[in-house]
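Computed from the coordinates by the stated procedures, all read-outs in this text should not be read as laboratory data. Since this is a predicted model, take the numbers as computed values, not measurements. Methodologically, a virtual Cβ is constructed for each residue, glycine included, from the backbone with ideal geometry; neighbour enumeration extends over all protein chains shown.
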């Protein structure tokens with residue numbers, strides 16, 4: 001349990017730890033009020049059952065004279081109001097502290113989710129090649145919630161209820177130490193025994209639940225990701241069955257976290273009832289006068305009423321902490337990941353301009369956990385305002401080379417030079433500001449055309465002139481202003497579902513041009529388009545080539561026919577280079593790819 005507490009505290013800064021300490025002190029005050037409430041009931045019951053005790057008991061008589069209320073009935077009423085006031089005060093304090101606890105806890109949840117997303121955003125691109133996005137989504141949205149609700153809130157409530165128990169126990173020790181120790185030993189021993197017996201089962205069930213929950217996220221993401229194919233092939237039933245099987249397993253395991261504490265509660269309540277009977281028998285044996293027994297019985301009845309719920313809450317809280325400990329472990333590991341700490345506030349940086357050329361010198365790169373290099377001895381020279389093409393079969397190294405130029409991957413061997421100067425890590429952010437990237441598949445958010453072109457820029461900071469300029473360069477402006485009902489404010493739907501493939505691609509080009517980069521990289525940007533739409537995009541690329549340095553990755557070689565130089569990749573190496581005509585005439589493998597053989 002101490003390990004769990006240390007991990008939980010590691011998520012908080014000094015300010016939050018002080019708030020946590022303040023909450024604990026507040027709950028200690030609640031415990032003291034609870035103790036006062038229990039303590040006040042005995043004098044009240046004693047006076048009601050034996051009014052003469054007011055004069056026989058020195059403490060009560062002195063208090064009676066001090067108040068000077070005029071009659072015994074008024075004194076009894078005062079004691080009754082006092083008991084009621086303590087009950088109300090305890091409930092008010094408890095409600096206030098619960099509100100503060102929930103506010104603090106869910107605030108921490110927001111901070112943790114944000115911190116975790118920040119952590120993932122700061123990870124190098126290679127991290128995303130080896131980690132499941134469904135797992136990351138689950139960690140941010142589900143595991144954080146489980147840690148806050150299952151570990152922090154339940155843990156804090158267990159601690160605070162433990163404080164209440166201690167305060168009431170101290171009171172009972174003053175009244176009758178033997179009975180206090182006996183009752184606490186029986187009830188406390190029962191809960192401790194059940195906890196030791198069941199905590200491992202709860203922890204194991206929590207680990208299994210975490211794995212199954214990850215599978216649920218994966219299935220949902222996969223299902224919604226291929227919804228079009230599912231609809232066409234009528235595979236809804238198969239995916240639904242797949243999810244139902246996992247969801248039923250998750251529900252079964254998750255139910256353990258609620259069933260076990262409740263079953264324990266019924267067992268301990270039976271033990272408590274038996275204990276009360278034994279107490280009555282004991283008190284009747286040592287004190288024959290029933291009128292003398294009533295105040296003490298009332299005290300223990302109220303103490304039992306106050307003790308059993310917090311004891312149950314302590315047990316339930318600690319059990320749920322154990323159940324959700326796996327989520328805490330996942331968060332702890334995720335936040336310990338080492339990453340290349342580059343400042344993402346790159347939009348505030350100036351671009352790293354170049355005057356002459358970009359050069360790759362003897363570049364080699366191997367992906368993590370692989371022995372064979374993805375590319376080896378890659379040397380490329382790209383003059384400013386020229387267009388070059390990277391061609392080759394799938395897996396030949398084209399995309400890896402482009403990812404290195406984009407600064408997403410760091411070469412294992414070799415370096416990039418800008419105007420003859422090495423591109424250092426310190427300059428990488430500024431270099432990326434001078435790049436525009438158009439992927440094969442353009443992802444559009446369910447937002448306006450303007451916000452999609454200037455993606456990631458806060459609406460109040462969007463440069464509308466830059467948006468229009470980028471749209472014009474992408475041959476998109478006339479379509480937006482003439483055919484879209486709300487122009488640049490038209491919503492494109494999730495994934496751009498309301499647009500054609502060519503329109504989505506041109507928004508992707510406009511997005512790449514928004515910050516006016518000197519280098520544009522097209523990663524098979526026309527491979528998913530029909531021939532006519534492809535020609536429109538190729539025309540846009542040709543017009544851009546007059547003022548930009550362009551790099552094109554292509555499988556269909558129609559987009560690279562006019563390139564100044566084409567690099568032909570095979571098995572991670574460049575095996576040939578030249579113009580389209582040179583390669584078509586002199587390289588049989590290239591002719592085969594170009595369907596010219």
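Relative to the dominant Cα principal axis of the chain, helix 72-122 is inclined by about 20°.
Which of rounded, prolate, oblate describes segment 2-336, given a ≥ b ≥ c as roots of the alpha-carbon gyration tensor eigenvalues and a/c under 1.5 marking rounded, otherwise prolate only if a/b is larger than b/c? Because a/c hits 1.5 or more and a/b exceeds b/c, segment 2-336 counts as prolate. In terms of its C-alpha gyration tensor, segment 435-517 comes out rounded, because the ratio a/c of the largest to the smallest axis stays below 1.5.
Going from the fewest other Cβ atoms within 10 Å to the most, the residues 398, 546, 472 appear in the order 546, 472, 398. Taking the C-alpha atoms only, the angle from helix 325-336 to the longest principal axis of the chain is near 40 degrees. Using Cα centres only, tell me the gap between segment 407-422 and segment 372-387 in whole Å. Each part's Cα centre sits 10 Å from the other's. By other beta-carbon atoms within 10 Å, ranking 477, 59 with the fewest at the front produces 59, 477. Can you tell me the orientation of helix 58-67 relative to the chain, as the angle in degrees between its alpha-carbon axis and the longest Cα principal axis, to the nearest 10? Rounded to the nearest ten degrees, it is 70. For the chain, adding -39500 (n - 2.57) for each run of n ≥ 4 DSSP H residues and dividing by the number of residues yields -21000 deg cm²/dmol at 222 nm. What is segment 556-597 by shape, rounded, prolate or oblate, if you read a ≥ b ≥ c off the alpha carbon gyration tensor as root eigenvalues and call it rounded for a/c under 1.5, prolate for a/b larger than b/c, and oblate otherwise? Rounded is the answer for segment 556-597, as its axis ratio a/c remains below 1.5.
Separation of segment 219-246 and segment 138-173, taken as the distance between their Cα centroids, equals 40 angstrom.
Of the two radii for the chain, the radius of gyration is 1.19 times the Kirkwood radius, both from the alpha carbons; that is the Rg over Rh value.
The ranking of 543, 52 by Cβ neighbour count inside 10 Å, starting from the fewest, reads 52, 543. By the Kirkwood approach, averaging reciprocal distances over each pair of separate Cα atoms, segment 69-165 gets a hydrodynamic radius of 17.3 Å.
Using Cα-Cα distances under 8 Å and only pairs 6 or more residues apart, what relative contact order does the chain have, in percent? So the answer I get is 15 percent. The antiparallel fraction among DSSP beta bridges confined to the chain stands at about 50%.
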